[in-house]
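Accompanying notes for the structure given below.
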Amino acid sequence: MIKLSDFFNFYKEILPLMIENGYGKVVNIASDAARVGSSGEAVYSAAKGGVIAFTKTIAREMARHKLNINCVAPGPADTPLFQEIGSYNDGIASALEKAIPFRRLAQPEDIASAVAYFVSEDAGYITGQTLSVNGGLTMV
């Protein structure tokens, strides 16, 4: 788990280098909980909402330096953490799979592909955006 101070220190260290090089791309990871809320996860949702707001603000400030700052907001994903939650919350995975239009949880590769897109040249004119990777669970 990243501490908030680590998050800010990363930016404090890396942005000057990117500005000096005249190029850089950063992709933050938030959560769809930040965009639509999530029962029982108020603090988590709020913290991830802060990541989205921070992404937009830094993107606006860094655009004049031609830096791209974007965010990926995963929905439910088949990760070890989700599997642990499922071990004491029977039926959560199947309930989510029924609710997700693609009828499956995200795989880590799905999220990685979104990050790869944001750091590719295909996304060269995109900054300050948040991309939900959730199989259509939320459409905001």
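Nothing in this text is a laboratory measurement; each read-out follows from the coordinates by a stated rule. Keep in mind that this is a model prediction, so the values were computed, not measured. Reconstructed Cβ throughout: ideal geometry from the backbone, glycine too, with neighbour counts over all protein chains shown.
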Fill in: Among Ile69, Gly22, Ala93 the positive-end extreme of the charge dipole of segment 21-133 (Cβ point charges)
Gly22
Discussion item. Just to be sure I follow: if Rg is taken over the C-alpha atoms of segment 21-133 and Rh is the Kirkwood radius over the same atoms, what is Rg/Rh?
Written reply: 1.03
Item to complete: Count the net charge of all other residues whose Cβ sits under 9 Å from the Cβ of Thr130, scoring Lys and Arg as +1 and Asp and Glu as -1.
Response: +2
Discussion item. With a 10 Å cut-off between alpha carbons and a GNM built on the chain, which of Ser113, Ser39, Ser31 moves the most?
Written reply: Ser39
Practice prompt. Round to a whole angstrom and tell me the spacing of the C-alpha centers of segment 1-36 and segment 94-140.
Written response: 19
Worksheet item: What net charge do the residues around Phe54 carry, taking every other residue with its C-beta under 14 Å from that of Phe54, with Lys and Arg at +1 and Asp and Glu at -1?
Response: +2
Worksheet item: Straight-line reach from Lys25: which lysines have a Cα under 22 Å away, not including same-chain ones fewer than 8 places off?
Response: Lys3, Lys12, Lys48, Lys56, Lys66
